[in-house]
Amino acid sequence: MAAVVGAALASLAVLRVPTLMMLSWLCADLALTFVRLISMLVMRRALRGPAQPSDGGFPLTDLYVLSSMLWCAQIGCGVGLCMASADPVLVPFACLATTGFVGGLAARNPGAPRMTVVQMISVVVPFTIGAVLSGQPWLLALCGLAPLYLVAVAAVNRRLHTDYVALLRAELALRHQAFHCGLTGLPNRTFLNQALGSALEGTEGEEEHAVTLLYLDLDGFKSVNDTYGHAAGDLLLQLVARRLKDVVMATDIVARIGGDEFAVLLSGPRAASAEVIASMIISAVGLPYDLSQGTLVRIGVSVGIAERDLDASDSQALLASADRALYAAKKQGKGTFYRAPPARNDGDRISKHISA
């Protein structure tokens, strides 16, 4: 709407004062509006599609911000020309347009207050200069009102920015609570299901789209919890979570499924290292834990491993396969891991069971 108003005012200025300056303003307004529109549409399309690596070119966001700053500057020059012309039709329209543009900028851009102030100044300052150059004494009063209006709308923009940031922080906090365990800080089952769904969207059989899930269950946790109390059990879960995060890489996902059950999602080339990672997890979790005041306890962990195949091609099937593998590991002996046999086209199965 601001672009429409700007183009309309520039067109009216050309009709009322047909000079080269007014015509140049109209051409600049139309050109910058076109650039802003195209860059905005391209950015929207890029955001809706998959993320693409940067090719080293000029970022679209920078192009949009630059064109927005230039657009405000040319609007300021335009309203300044209207004020300097002292035309009885252009002057009131320029005053209305300046008020609307500056107020709209303050309300529309709460996320970038400093950029907004620069944009508003680029409109108000030329407007004020034009009022001075008009030679009309009755327009000089605007030279005192314009700075006051600028300060007022800048204060509104700053308050909107504060509220905007508080809203974003609250939204992020709620999102974190919805997708993370409050005790360990690890992602929860909901987060894991979404991550599994995203990881399984790739084409099966390609290394970069390989997916392997490790399902973990602590051995001996119930005994510690019953002996030393729930506070000690909570502390133990937090310590286990830290060790799991230390074992895996940042690209891996460690989640707490519930109770004393955890899961590790490996994707891409990391999926091929599932057995090595399972052994490292068993070794790390099996080390003693200090529950304060010299209380040392030891627990173990059993791991079920399942990879995406014909039988486990969606998130629920993969979770079920890993759960069955975990049950098999516990049945064979605690402190071990068991890899679920992958499905094969000929119906045969290959199984592997390795003890730590």
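A short reminder: the numbers here are calculations on the coordinates, not readings from a lab. Predicted, not measured: the structure shown is a model, and the values here were computed from it. Every residue, glycine as well, gets a Cβ built from its backbone with ideal geometry; the counts of neighbours run over all protein chains shown.
Apply 1/(1 + (r/R0)^6) to the Cβ-Cβ distance of residue 107 and residue 198, taking R0 = 41 Å, and write down the FRET efficiency to the nearest 0.05.
Numbers: r = 36 Å, r/R0 = 0.88.
Once rounded, the FRET efficiency stands at 0.70.
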**Request:** Note the angle between two axes, namely the Cα long axis of helix 189-199 and the longest principal axis of the Cα atoms of the chain, as a number of degrees from 0 to 90, rounded to the nearest 10.
**Result:** 80
**Asked** Under the definition of Cα pairs under 8 Å and six or more residues apart, what whole-number percent is the relative contact order of the stretch 58-214?
**Response** 21
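How big is the convex hull of the Cα atoms of the stretch 153-232, per residue, in Å³?
Details: hull volume 12.4 nm³, N = 80.
About 155 Å³ per residue, rounded to a whole number.
How do the peptides 284-294, 95-105 rank, highest first, by the average count of neighbouring beta carbon atoms within 10 Å per residue?
On the way: 284-294: 12.7, 95-105: 19.6.
Order by mean packing, descending: 95-105, 284-294.
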**Complete:** Helix 315-332: inclination vs the chain longest Cα principal axis, degrees, rounded to 10, gives 30
**Message:** List residues of the stretch 88-129, by number, whose backbone nitrogen lies under 16 Å from a label position 7 Å along Cα→C-beta of residue 168.
**Reply:** 107-117
**Request:** For the chain, just run the numbers: alpha carbon Rg, then divide by 2.2 N^0.38 Å, N being how many residues it has.
**Result:** 1.56
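Calculate, for residue 292 and residue 261, the FRET efficiency according to 1/(1 + (r/R0)^6) with r their C-beta to C-beta distance and R0 30 Å; round to the nearest 0.05.
Numbers: r = 25 Å, r/R0 = 0.82.
It comes to 0.75.
Apply 1/(1 + (r/R0)^6) to the Cβ-Cβ distance of residue 20 and residue 115, taking R0 = 22 Å, and write down the FRET efficiency to the nearest 0.05. All intermediate terms of the calculation are to be shown ahead of the outcome.
On the way: r = 31 Å, r/R0 = 1.42.
With a Förster radius of 22 Å, E is 0.10.
Suppose every K and R has +1 on its Cβ and every D and E has -1 on its Cβ; what is the size of the dipole of the chain about the Cα centre, in Debye to the nearest 20?
On the way: 28 positive and 28 negative charges, 159 e Å.
Dipole magnitude for the chain comes out near 760 debye.
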**Item:** Lys/Arg +1, Asp/Glu -1 at C-beta; the stretch 109-224 dipole; positive extreme among 181, 167, 193
**Value:** 167
**Asked** How would you classify the stretch 60-111 from its alpha-carbon gyration tensor, with a ≥ b ≥ c the square roots of the eigenvalues: rounded for a/c under 1.5, else prolate if a/b is greater than b/c, otherwise oblate?
**Response** oblate
**Request:** Compute the long axis of helix 90-108 from its Cα atoms, compare it with the longest principal axis of the Cα atoms of the chain, and write down the angle in degrees, 0 to 90, nearest 10.
**Result:** 10
**Complete:** The simple spin-label model distance between residue 245 and residue 327, using points 7 Å out along Cα→Cβ, in nm, is 3.2
**Asked** How many nm is it between the label spots at residue 125 and residue 99, if each spot is 7 Å from the Cα in line with the beta carbon?
**Response** 2.4
